[in-house]
Amino acid sequence: MSTTTTRPPMGADGRDPGGSSGALTARVSLGRVFAPVPLEFLLVASSALLLTGFGIVMVTSATTATSLSAGKSPYNDGMQQAIFALLGVAVMFAASRLPVRFFRRIAWVLLIVAVLVQLLVFTPLGFESGGNRNWINIGGFSAQPSELLKLALAIWVAAIVYRKRDLLTRMMHVYVPIVPVAGLAILTVLAGSDLGTSMVLVLILLGTLFFGGVRLRFFVPLVVVGAVAVLLLAVKSPNRMQRIMSFIDPNCDYHDECYQPLHGIWGLASGGVFGVGLGNSTEKYSWLPAIGDDYIFAIVGEEVGLIGCVVVLALFGVLAVGAFRVIRGSDDLFVKVASGGIIVWILGQALINIGVVLRVFPVLGVPLPFMSAGGSSLVSVLAACGVLLAFSRSLPARAPAGAARKAAAGRRAKSEGTQTIPRRTTPPAPPATTSRPRTGRKNK
């Protein structure tokens, strides 16, 4: 017996004259757009957007006095930060729509491009700022190429670890080509005397190897070489040595090497619990250098107090939770390693910046992610968050809690050799009664 299927009449051009297929396609497309996103996506996106918005407010507040003294609009730096924030958010959500295999395929290209752009600092396009030659000027706009190098290094190491995932128990396969190529990329930054950024790049390298499951004994040579290199660079540079000694010496000269660190800690401490009020900072009146850049956290503590500082730390914590949920929930080694390198970069740089303001570390010139003024830093960090968002979309779907509990109970019952009996929902029917046949006449 055959079954026939009746199709709606088609037009002369082969299309449905009623437009039912077009309506169905529109419904499917809208369903994909408005489909619920994973919790990891919400955690990363919300924390990144809130930190970026808070950073725009604080940069605007911190730079009004210096902008006016330079003859510019008081909102000049804040508007520039907002423009770069819009660009970075657009890049973040555009990157979130890309598949994981796209990042794995462009790893080599991205690293090569990042290194070539970093080498531009040694051409006439490059210039020196704050003792570091780590900037380029193109068309009146300045950029820091090492920020792109951070993201490129995390993705490239993740691609190499993914390709050599079956050989990570051998030290030679772990080191080659990761250590020579990553070392060359870091040397391009060190050649411009930017020790702080180089330390962040080393953190990214170590973080990616750690989340790749590399044996801890393989880290010992890398850590020893890195420590020796930092010590030699510090001894070789009188400026770095002076900053390190001022960090150790509690009686350093206020008018020289301790001027900036002391004003930073004074501004942070003067805010108290609730702060002096947004826009009421006194350190921003040319007392604290780099007030909108490396020392923006001091203005956060001065104007919005301990509460504002705790909010900033909490938002970084939310971002970390979202990233670590991506790492734990993914079955793809590339996703784990790249996500680990990105979150080590963002959290490590934030901790270094806040530690400098608190005088836990010497001055290293590392910006606070999302919040310090600077377009290249902000766009790069938001692009990295876009990569995390793309990874969160690739996570395997999780079963509802009730279904997961039932499945676990079924597996447990099967392993114990028992059979689960479904609960009866209706009472059993009474048994049918049968009448016995009469055997004789009833006695009267």
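The values are calculated or read from the model by the stated rules, or taken from the named source; none is laboratory data. All values reported here derive from a predicted model rather than from experimental measurement. All Cβ positions, even for glycine, are placed from backbone atoms using ideal geometry, and neighbour counts span all protein chains on display. SASA here: full protein model, heavy atoms, side chains in, ligands and nucleic acids out. Shrake-Rupley method; radii C 1.70, N 1.55, O 1.52, S 1.80 Å.
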Query raised in the report: How many residues, within region 46-62, are of a type in the set (A, V, I, L, M), touching a residue at least 40 places away in the same chain (Cβ under 8 Å) and open to solvent by 10 Å² or more (accessible area, probe 1.4 Å)?
Result: 3
Query - Single residue of 146, 129 found to be at pLDDT below 90 and closer than 23 Å to residue 80 by Cβ - result: 129
Report task. Could you pull out every one of the helices (runs of 4 or more DSSP H) wholly within region 183-284 that has 2 or more residues that are at pLDDT below 90? Result -> 219-236, 238-248, 259-270
Requested in this report: Determine whether residue 120 is part of a helix (DSSP H, G or I) and either under 21 Å from the mean Cα position of the chain (by Cα) or of a type in the set (S, T, N, Q) (or both).
Outcome: no
Query raised in the report: If you check 301, 292, which single one turns out to be within 15 Å of residue 62 (Cα to Cα), in a helix (DSSP H, G or I) and touching a Ser or Thr at 6+ places or on another chain (Cβ under 9 Å)?
Result: 301
Requested in this report: From (1) in contact with a helix residue (DSSP H, G or I) (Cβ under 8 Å, 6 or more places away or on another chain); (2) hydrophobic (A, V, I, L, M, F, W, C); (3) loosely packed, with under 13 Cβ neighbours inside 10 Å, pick out the condition that doesn't hold for residue 314.
Outcome: (1)
Query raised in the report: Any idea which of (1) in a helix (DSSP H, G or I); (2) without any contact (Cβ under 8 Å) to a residue 24 or more places away in the chain; (3) open to solvent by 10 Å² or more (accessible area, probe 1.4 Å) is the one residue 65 doesn't satisfy?
Result: (2)
**Report entry** Meets criteria (more than 19 Å from the chain's Cα centre (by Cα) and either open to solvent by less than 10 Å² (accessible area, probe 1.4 Å) or on the phi > 0 side of the Ramachandran plot (or both)) for residue 307
**Finding:** no
Query raised in the report: Which condition does residue 168 not pass, out of (1) outside any helix (DSSP H, G or I); (2) aliphatic (A, V, I, L, M); (3) at pLDDT 95 or above, if it passes all the others?
Result: (3)
Query raised in the report: What about residue 359, is it more than 30 Å from residue 246 (Cα to Cα), open to solvent by 30 Å² or more (accessible area, probe 1.4 Å) and among the basic types (Lys, Arg)?
Result: no
